[in-house]
Amino acid sequence: MDDTEVPQAVIGDVPANFGEAVVLLDVREDDEWQQGHAPGAQHIPMGDVPARMAEIDTDAQLFVVCHAGGRSQRVAQYLARNGYEPINVSGGMLAWAGAGRPVVTDAGTPGTV
């Protein structure tokens with residue numbers, strides 16, 4: 001059992017826009033991502049994170065999200081042990097969509113969670 005402490009952010013504390021300074025790392029599977037994701041999020045499925053860590057900006061504020069918060073918590077703990085300072089998004093994309101935040105597909109059309 002991993003007891004690495006990772007900060008938790010309720011959806012109201014998560015920025016709505018992402019770029020160079022703030023990264024929202026979505027660790028859901030490809031099919032979940034394709035159904036809908038937060039605009040500007042970075043997608044690396046949970047199982048790919050160890051091999052693709054170099055793609056994650058170490059200088060940016062890092063939020064990690066999944067569907068409900070469980071997988072992202074495990075990824076955040078892994079990243080924390082590897083020198084990152086991640087923040088887990090409590091409630092995941094369910095909370096994101098529930099707060100009325102935009103969900104889009106890769107084509108830019110409205111998506112679903």
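The values are calculated or read from the model by the stated rules, or taken from the named source; none is laboratory data. Here the structure is a predicted model, which means the values were calculated and not measured. Every residue, glycine among them, receives a Cβ derived from its backbone with ideal geometry; neighbour counts consider all protein chains shown. Side chains included, ligands, DNA and RNA excluded: accessible areas come from the protein's heavy atoms. Shrake-Rupley method; radii C 1.70, N 1.55, O 1.52, S 1.80 Å.
In segment 1-38, what residues are within 13 Å of the chain's Cα centre (by Cα), surrounded by 15 or more Cβ atoms within 10 Å (Cβ to Cβ) and hydrophobic (A, V, I, L, M, F, W, C)?
Of everything in segment 1-38, those that are within 13 Å of the chain's Cα centre (by Cα), surrounded by 15 or more Cβ atoms within 10 Å (Cβ to Cβ) and hydrophobic (A, V, I, L, M, F, W, C) turn out to be 9, 11, 14, 18, 22, 23, 24, 25, 27, 33, 38.
Inside segment 23-51, can you point out the residues that are part of a loop (DSSP other than H, G, I, E, B), more than 21 Å from residue 98 (Cβ to Cβ) and out of contact with any helix residue (DSSP H, G or I) (no Cβ under 9 Å at 6 or more places or on another chain)?
Going through segment 23-51, the residues part of a loop (DSSP other than H, G, I, E, B) turn out to be 27-29, 36, 38-41, 44-45.
From what's left, more than 21 Å from residue 98 (Cβ to Cβ): 44-45.
Across segment 23-51, there are no qualifying residues.
Among the residues of segment 64-89, write down those that are part of a loop (DSSP other than H, G, I, E, B) and surrounded by fewer than 22 Cβ atoms within 10 Å (Cβ to Cβ).
Filtering segment 64-89 for residues part of a loop (DSSP other than H, G, I, E, B) gives 66-69, 82-85.
Those that are part of a loop (DSSP other than H, G, I, E, B) and surrounded by fewer than 22 Cβ atoms within 10 Å (Cβ to Cβ): 67, 68, 69, 82, 83, 84, 85.
Would you be able to say whether some residue in segment 39-58 is in contact with a Pro (Cβ under 6 Å, 6 or more places away or on another chain), open to solvent by less than 10 Å² (accessible area, probe 1.4 Å) and under 20 Å from residue 5 (Cα atoms)?
No.
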